[in-house]
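Contents: one structure, followed by commentary.
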Amino acid sequence: MFVSGFTIARNVVKADYPIKEAVYSILPLCDEMVIAVGKSDDDTLNYIKSFDSPKIKIIETIWDDSLREGGKVLAIETNKAMDAINPNADWCFYIQADECLHEQYLEPLKNLMLKYKDEQSIDGLLFNYTHFYGSYDYVADSRHWYRKEIRIIRNNPQIRSFKDAQGFRKNDQKLKVKETGASIYHYGWVKHPKQQLEKLKQARKLWHSDEFLEKEYADINEYDFSNVDSLSLFTGTHPQVIQERIQKKNWKFEYDIKIKNLGFKKSVLYFIEKISGWRVGENKNYKII
């Protein structure tokens, strides 16, 4: 079995993305790791080149910043990375620059990929999501945050990145997937408030004009983490690859988890979900088989 990892990177140094941790978290499962590095305004390319693994394959790309609608440039760049994957790969493991896989899932995922390697009816494998917010101690738990997404796909040229690269489609149809039970840890909202604001500005450039952003953030110097609807405390362990970053954390964020800024309707839906596990009206970009 041959597994190719893939991801994209641009201006990851300036916004302090944990991309090294992301890459190294899935590297034990991968025979190669393709990183599509977009031309950046910082030292991203040299930073990626410093990653010490013969598995890593870097391709250099140029993002089309005119493709702001729906963040479609993210899908285009993701497809460039996919197109550089070894054609003999059986599975492709996608990881975004602010995601990590806990080492506890490495062996079970390897076994699942082996189990379903020859079952062509299965297009991909589905992961749960744990979204950290503000610090490494809090998890965002409202319906505002997606609960599941595909991160392992079959090496099939008909499968392409979808919309803003959150998921995938096959001939514009939802993928047929098996659940893994594994969780992707999403650290995209865990940074120093200044770097969080920089990351948010970068991301919103993919949807909005420069003029809009200049007006939107004219008098803002730091991101306000207190503007959140619902958090809970994290009681598990973080991946080993991100432990050093956690130790270097240089800001404080504390939140009273009893505070729920949800409104009446969202409060009812939140209660239903917490009691039953059912998320009313959940958007699912996949078909579980």
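What follows draws every value from the coordinates through simple rules; no lab data is involved. What you see is a predicted model, and the numbers here were worked out from it, not measured in a lab. In this analysis, Cβ positions are derived from the backbone assuming ideal geometry, glycine residues included, and neighbour counts consider all displayed protein chains.
In table form, for the structure just shown:
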read-out: Label point distance in nm, Tyr146-Lys266, each placed 7 Å from Cα along Cα→Cβ; value: 1.9 nm
read-out: Anchor Lys72: aspartates and glutamates whose Cα lies under 16 Å away (excluding residues fewer than 8 positions away in-chain); value: Asp64, Asp164, Asp172
read-out: The chain: calculated mean residue ellipticity at 222 nm from DSSP helix runs of at least 4, using -39500 (n - 2.57); value: -7500 deg cm²/dmol
read-out: Cut-off under 5 Å, modelled amide H: who pairs with Phe162 long-range; value: Gly167, Phe168, Arg169
read-out: For region 193-288: relative contact order, % (alpha-carbon pairs under 8 angstrom, 6 or more apart); value: 25 percent
read-out: Sum of side-chain charges, Gly236 neighbourhood, beta-carbon under 15 Å (Lys, Arg +1; Asp, Glu -1); value: -3
read-out: Gain upon complete extension [Asn221, Lys194; 0.36 nm per residue less C-alpha separation]; value: 9.1 nm
read-out: Low-density loop cleavage sites - trypsin sites (Lys or Arg not before Pro) in region 176-250, where at most 14 other Cβ are within 10 Å (DSSP); value: Lys248, Lys249
read-out: Spin-label pair Glu214/Glu179, simplified geometry with 7 Å Cα→Cβ offset, distance in nm; value: 4.9 nm
read-out: Residue-count net charge about Glu282 - beta-carbon cut-off 13 Å; Lys, Arg +1, Asp, Glu -1; value: +3
read-out: Hz values of 3J(HN,Hα) by residue in region 266-277 - Karplus curve (6.51, -1.76, 1.60), Gly and Pro given as x; value: 5, 5, 5, 5, 4, 5, 4, 5, 5, 7, 9, x
read-out: Using θ = phi - 60° and Karplus 6.51 cos²θ - 1.76 cosθ + 1.60, couplings along region 253-261 (whole Hz; Gly, Pro as x); value: 9, 10, 8, 7, 5, 6, 7, 10, 9
read-out: Estimated inter-spin distance, Ser232 and Asp64, nm [label 7 Å along Cα→Cβ]; value: 4.2 nm
read-out: Pairwise FRET efficiency - Lys55 versus Asp118, Cβ, R0 = 22 Å, nearest 0.05; value: 0.35
read-out: In sequence order, calculated HN-Hα J values of region 120-126 (Karplus, 6.51, -1.76, 1.60; Hz; x Gly/Pro); value: 5, 6, 9, 8, x, 10, 9
read-out: For the chain: Kirkwood Rh in Å [reciprocal of mean 1/r, alpha carbons]; value: 19.9 Å
read-out: Nonlocal amide H pairs with Leu206, under 5 Å, H built at 1.01 Å; value: none
read-out: Taking the C-alpha atoms of region 103-193, convex hull volume expressed per residue in Å³; value: 123 Å³
read-out: Calculated over region 193-288: convex hull of Cα atoms, volume per residue (Å³); value: 209 Å³
read-out: Set of lysines with alpha-carbon distance to Lys115 below 18 Å, sequence-local pairs under 8 removed; value: Lys176, Lys178
